[in-house]
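Here is the structure we will look at.
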Amino acid sequence: MKNMVKTGISIDADLLARCDASIPLTNAGSRSEFVSDALEYYIATLYAQDSSKVLTPALESVVSSKIALSEERISRMIFKLAVEIAMLNHQYAAAYNTEEDYINWLRDHCKQEVAMLNGRMNLNDIANEYVG
């Protein structure tokens with residue numbers, strides 16, 4: 001537990017009223033705890049030595065929201081990719097009865113093509129190459 005020292009300070013009446021009104025918005029259990037937390041935060045901003053008290057909540061919020069947004073975008077793209085793959089597999093299976101060697105060659109060819117195009121391809125684009 002911290003070594004607490006009882007002291008008296010002079011403070012503007014309006015500021016004290018705002019302080020008391022703000023206590024329920026925090027984890028502080030008393031006015032003394034609220035003032036102590038506020039002073040620690042203020043001093044940390046002045047010196048930035050203990051930046052974890054200042055930066056951690058803000059950074060955590062920003063990073064969490066960015067990760068959630070990226071996760072959602074990636075999930076949507078993976079779903080769209082899975083749909084395209086399923087369409088191709090069904091079309092291929094329905095149209096052709098091919099040898100295993102050809103399937104292996106096709107897989108290698110497709111790996112190279114996807115790498116070359118950075119994965120930006122869909123069935124409509126590929127069909128247009130063959131149809132005309």
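Just so it is clear, none of the values below were taken in a lab; they were calculated from the coordinates. From a predicted model like this one, the values you see are computed outputs, not experimental measurements.
For the chain, with a Gaussian network of springs between Cα atoms less than 10 Å apart, report the residue from 22, 65, 75 with the top mean-square fluctuation.
22
Once phi is turned into ³J(HN,Hα) by the Karplus curve 6.51 cos²θ - 1.76 cosθ + 1.60 with θ = phi - 60°, what whole-Hz value does each residue of region 66-83 show in order, with x for glycine and proline?
With coefficients 6.51, -1.76 and 1.60, one gets 5, 5, 4, 5, 5, 4, 5, 5, 5, 4, 5, 5, 5, 4, 4, 5, 4, 5 Hz.
Using the Karplus curve 6.51 cos²θ - 1.76 cosθ + 1.60 with θ = phi - 60°, work out ³J(HN,Hα) for each residue of region 90-97 in order, rounded to whole Hz, and write x for Gly and Pro.
Result, ordered by residue: 5, 5, 5, 5, 6, 8, 10, 10 Hz.
Running a GNM on the chain with Cα contacts under 10 Å, which residue among 70, 61, 32 ends up with the highest mean-square fluctuation?
The residue that fluctuates most here is 32.
Counting only helical runs of four or more DSSP H residues, what would the 222 nm mean residue ellipticity of the chain come to if each run contributes -39,500 (n - 2.57) and the total is spread over all its residues?
Helices in the chain give a 222 nm mean residue ellipticity of -25000 deg cm²/dmol.
Just 117, 46, 59 to compare: in a GNM of the chain, with alpha carbon springs under 10 Å, which one fluctuates most?
Looking only at 117, 46, 59, the largest GNM fluctuation is found for 117.
Averaging the inverse of every distinct alpha carbon separation and then flipping it gives the Kirkwood radius. What is it for the chain, in angstrom units?
Over the chain, the inverse of the mean reciprocal pair distance is 21.6 Å.
Using the Karplus curve 6.51 cos²θ - 1.76 cosθ + 1.60 with θ = phi - 60°, what ³J(HN,Hα) values do you get for each residue of region 104-109, in whole Hz, with x for Gly and Pro?
Going residue by residue, I get 5, 4, 4, 4, 4, 4 Hz, with x marking Gly and Pro.
Please work out how many pairs of lysine residues in the chain are eight or more positions apart (or on different chains) and have Cα atoms closer than 26 angstrom.
Step by step, the pairs that qualify in the chain add up to 5.
Please compute the contact order of region 23-132 in relative form: average sequence separation of alpha-carbon pairs under 8 Å and at least six residues apart, divided by the residue count, as a percent.
Relative contact order of region 23-132: 11 percent.
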